[in-house]
Structure formats: structure tokens, C-alpha cells
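Trainee: First the structure, which I've put down as C-alpha cells, then a few questions once you've had a look.
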Ligand SMILES: Nc1ncnc2c1ncn2[C@@H]1O[C@H](COP(=O)(O)OP(=O)(O)OP(=O)(O)O)[C@@H](O)[C@H]1O
Ligand SMILES: [Mg+2]
């Protein structure tokens with residue numbers, strides 16, 4: 001079967017430690033080597049793309065190698081930038097007497113649970129909408145499963161939340177207009193800001209839900225827990241209309257090893273691989289062998305990339 005991932009946006013998800021960063025980096029390196037201008041983005045607060053490529057990354061694209069750029073989104077930094085933006089948007093809209101209290105409230109909201117995630121999501125939205133045209137493809141290396149599922153389902157939640165806010169402002173505005181006497185609608189700048197955000201979320205949702213633009217790849221190892229977790233994650237994402245069509249089965253034991261220890265492990269692995277093939281019969285599978293050391297150098301990454309290329313068919 002032909003295994004093609006030629007999408008503009010590719011997300012790599014999976015359980016902790018299975019090889020998301022390794023697979024996404026290898027995939028990005030593969031597309032870059034094919035001359036596609038690639039942007040590799042880490043949304044994991046515990047970043048390690050910088051360690052894999054030995055380049056210090058930040059919130060803006062930095063060159064990793066030919067045709068390949070990287071970004072590590074820092075939730076703290078994004079959260080701060082996000083709150084500064086909110087405060088700036090409110091400038092001139094709030095009475096000067098109130099500004100201190102409003103800022104205090106915003107800072108409070110900024111330290112509440114979920115705020116970092118919202119800021120992270122805002123940055124993902126801006127990367128997808130603003131960088132999509134500057135790159136041939138954007139590859140996302142994500143944090144372990146739970147975090148990523150929340151992140152990917154945020155546009156839906158945020159859309160509903162903004163709708164509620166818009167309705168509240170509409171009724172406030174109606175009341176306000178009627179108090180003013182002539183019933184003429186008054187300009188509501190906050191309404192406009194919310195409308196714009198809603199539009200951006202709706203646009204990003206369209207991209208994320210469009211299988212011709214976005215691909216979700218789940219990485220797992222031939223072991224019981226990653227299989228179970230991946231099965232659950234795929235079902236959850238499907239409920240949100242996000243379809244995972246590719247699975248990377250990483251860290252397969254080499255065939256050439258002998259000895260009873262390896263034979264026994266290999267036997268167990270065969271059972272797990274059979275289970276994977278049966279459970280994920282709707283998905284394309286990319287099989288990657290375990291290397292004899294960590295993937296922490298460019299040479300090792302090249303090797304993973306070569307193994308990946310053997311498994312992939314690229315549409316030109
Ligand atoms: N095919 C492989 N062969 C050998 N080592 C590998 C392979 N794939 C990944 N590793 C190693 O396994 C460890 C975990 O890989 P990686 O960091 O890519 O996983 P992750 O899913 O991104 O982890 P996290 O959930 O912590 O982000 C790393 O030390 C990496 O070098
Ligand atoms: Mg990682």
C-alpha cells in the first residue's frame with residue numbers, strides 16, 4: 001500500500017516518550033531534503049527540538065538546516081504577550097479610573113488554569129493562518145496525548161465561548177441603544193474584536209478539519225499501554241471530526257538480533273504488531289526500527305529519516 005503524507009499541516013501526537021519529537025523531526029527533515037520549505041513547530045512546553053538539532057529555538061522561525069525552520073512555542077512568553085495584547089486592545093475602551101482594576105482582573109485571568117493553553121492555542125492559530133502561505137508545510141511536534149487533545153478541540157470550545165460573549169454584548173448594546181433614545185445601534189469595539197477572533201478560529205477550524213490540508217499522525221511503540229492510549233485518543237479525536245489516518249510504529253526491534261532474550265522480546269513484539277495492525281486497520285502504518293542509540297545527533301536523525309523514506313511514497 002502507498003503511504004503518502006503530502007499535506008500542508010501535519011500534527012504528530014502520542015503518549016509520552018514514544019518518539020513524537022524524533023518522528024516529527026525526521027519527517028520535517030525528509031520533506032526539507034526534498035526541497036519543500038518546512039516549518040517544524042513544537043507545542044510541547046518541555047521542548048526538545050532544539051536538543052535534537054543542536055540549535056537554540058524561540059517563538060519565531062529559526063533556520064535548522066536547508067529548507068527547514070523551527071519554532072518552540074513558550075507558553076509563559078505567549079501568555080505574557082497575549083495579556084499585553086488584550087490590555088492594548090482595551091486601551092481607550094475603559095474609563096481611565098477603571099483601568100487599574102481591569103488590568104488586575106486580566107492578570108488574574110492570566111494566572112488561572114487553562115490560560116497558558118489558550119495563549120498557546122492563539123499562537124498555533126497565528127502560525128497556521130499567518131505562516132501557511134510562507135511555507136510548503138508546517139509540522140507540529142506536540143506534547144503527550146491529553147494536552148494535545150485539549151489543544152485540538154479548543155477551536156470548538158472557544159467558538160462556543162465567543163458566541164456566548166457576542167450574544168451578551170449584543171443584548172447589552174441593544175439596551176444601551178434604547179437608553180440613548182434614538183435606538184440607533186452604537187459602535188462596540190469589543191464586539192468587533194470578538195468577531196475577528198471568532199473569524200480566525202473558524203478559519204483555523206476549517207483548516208484543521210480539512211483532510212486535504214491537515215494530517216494527524218499518531219506515534220506509538222509496540223507495547224500494551226501506548227496501543228490502548230492511542231486507540232482511545234483516536235476515538236476522542238474522531239468525536240471532534242479529527243481523523244487520524246497515519247500511525248508511526250516506532251522502536252521496532254531489529255530482526256537480525258539473536259539470543260533467547262531478543263527472540264523472546266521479538267515474539268512478544270510480533271503479537272503487539274499484529275494487535276496494532278488489527279486495531280488500526282483504517283490507518284496507514286509507518287514502521288521504524290529501534291536504533292542502537294538515542295536520536296540526539298543529526299546523523300542519527302538522518303538515519304531515522306532514511307528509514308521513514310523507505311516507508312513513504314511522496315507525491316510530486
Ligand atoms: N527509533 C528510535 N531508535 C532509538 N531511539 C529512539 C527512537 N525513537 C526515539 N528514540 C529515543 O527515545 C527517546 C524519546 O523520543 P522522543 O523524545 O522523540 O519522544 P517524545 O514522544 O517526543 O517524548 P515526549 O513525550 O517526552 O515529548 C529519546 O531519547 C529518543 O532519542
Ligand atoms: Mg517530544
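The values are calculated or read from the model by the stated rules, or taken from the named source; none is laboratory data. Keep in mind it's a predicted model, so treat the numbers as computed, not measured. Reconstructed Cβ throughout: ideal geometry from the backbone, glycine too, with neighbour counts over all protein chains shown.
Trainee: Somewhere in segment 280-289, is a residue surrounded by fewer than 16 Cβ atoms within 10 Å (Cβ to Cβ), within 11 Å of ligand 1 (Cβ to nearest atom) and within 30 Å of residue 32 (Cα to Cα)?
Mentor: Within segment 280-289, one or more residues are surrounded by fewer than 16 Cβ atoms within 10 Å (Cβ to Cβ), within 11 Å of ligand 1 (Cβ to nearest atom) and within 30 Å of residue 32 (Cα to Cα).
Trainee: Now, a different point. Please determine, by comparing only the residues of segment 109-135 that are crowded, with 17+ Cβ neighbours inside 10 Å and outside any helix (DSSP H, G or I), which one is nearest to ligand 1 (Cβ to nearest atom).
Mentor: So the residue we want is 135.
Trainee: Name every residue in segment 1-22 that is within 14 Å of the chain's Cα centre (by Cα) and closer than 24 Å to residue 212 by Cβ, in order of residue number.
Mentor: 8, 9, 10, 11, 12, 13, 14, 20
Trainee: Of 141, 130, which residue is out of contact with any helix residue (DSSP H, G or I) (no Cβ under 9 Å at 6 or more places or on another chain) and within 26 Å of residue 23 (Cβ to Cβ)?
Mentor: Selected residue: 130, the only one of 141, 130 that is out of contact with any helix residue (DSSP H, G or I) (no Cβ under 9 Å at 6 or more places or on another chain) and within 26 Å of residue 23 (Cβ to Cβ).
Trainee: Go through segment 228-264 and give me each residue that's surrounded by 14 or more Cβ atoms within 10 Å (Cβ to Cβ) and within 15 Å of ligand 1 (Cβ to nearest atom).
Mentor: Across segment 228-264, the qualifying residues are 229, 230, 233, 247, 248, 249, 250, 251, 252, 253.
Trainee: Okay, next question. Against the condition under 17 Å from the mean Cα position of the chain (by Cα), surrounded by 22 or more Cβ atoms within 10 Å (Cβ to Cβ) and touching a residue at least 24 places away in the same chain (Cβ under 8 Å), how does residue 64 come out, does it pass?
Mentor: When the stated conditions are applied, residue 64 does not pass them.
Trainee: Here's something else I'd like to know. Quick check: is even one residue across segment 136-158 away from ligand 2 (no atom under 16 Å from the Cβ), more than 11 Å from the chain's Cα centre (by Cα) and closer than 13 Å to residue 9 by Cα?
Mentor: Yes: segment 136-158 contains one or more residues that are away from ligand 2 (no atom under 16 Å from the Cβ), more than 11 Å from the chain's Cα centre (by Cα) and closer than 13 Å to residue 9 by Cα.
Trainee: Given the options 49, 68, name the one that is closer than 27 Å to residue 289 by Cβ and within 16 Å of ligand 1 (Cβ to nearest atom).
Mentor: 49
Trainee: I've got another one for you. Say whether the condition of being within 16 Å of ligand 2 (Cβ to nearest atom), modelled with pLDDT under 75 and either within 21 Å of residue 217 (Cβ to Cβ) or more than 31 Å from the chain's Cα centre (by Cα) (or both) is met by at least one residue in segment 159-171.
Mentor: The answer is no, given that none of the residues of segment 159-171 is within 16 Å of ligand 2 (Cβ to nearest atom), modelled with pLDDT under 75 and either within 21 Å of residue 217 (Cβ to Cβ) or more than 31 Å from the chain's Cα centre (by Cα) (or both).
Trainee: Please go through segment 23-35 and pick out each residue that is within 15 Å of the chain's Cα centre (by Cα) and under 18 Å from residue 54 (Cβ atoms).
Mentor: Hits for segment 23-35 are 24, 25, 28.
Trainee: Can residue 85 be described as exposed (fewer than 15 other Cβ atoms within 10 Å of the Cβ), in a loop (DSSP other than H, G, I, E, B), more than 16 Å from ligand 2 (Cβ to nearest atom) and without any contact (Cβ under 8 Å) to a residue 40 or more places away in the chain?
Mentor: So residue 85 does not fit the description; no.
Trainee: With the requirement that a residue be surrounded by 15 or more Cβ atoms within 10 Å (Cβ to Cβ) and touching a residue at least 60 places away in the same chain (Cβ under 8 Å), what does segment 38-58 give you?
Mentor: Residues satisfying the conditions are 38, 39, 40, 41, 42, 43, 44, 45, 49, 52, 53.
Trainee: Let me ask something else about it. Could you grab me the full set of residues in segment 37-60 that are at pLDDT 95 or above and more than 16 Å from ligand 2 (Cβ to nearest atom)?
Mentor: Residues satisfying the conditions are 37, 38, 39.
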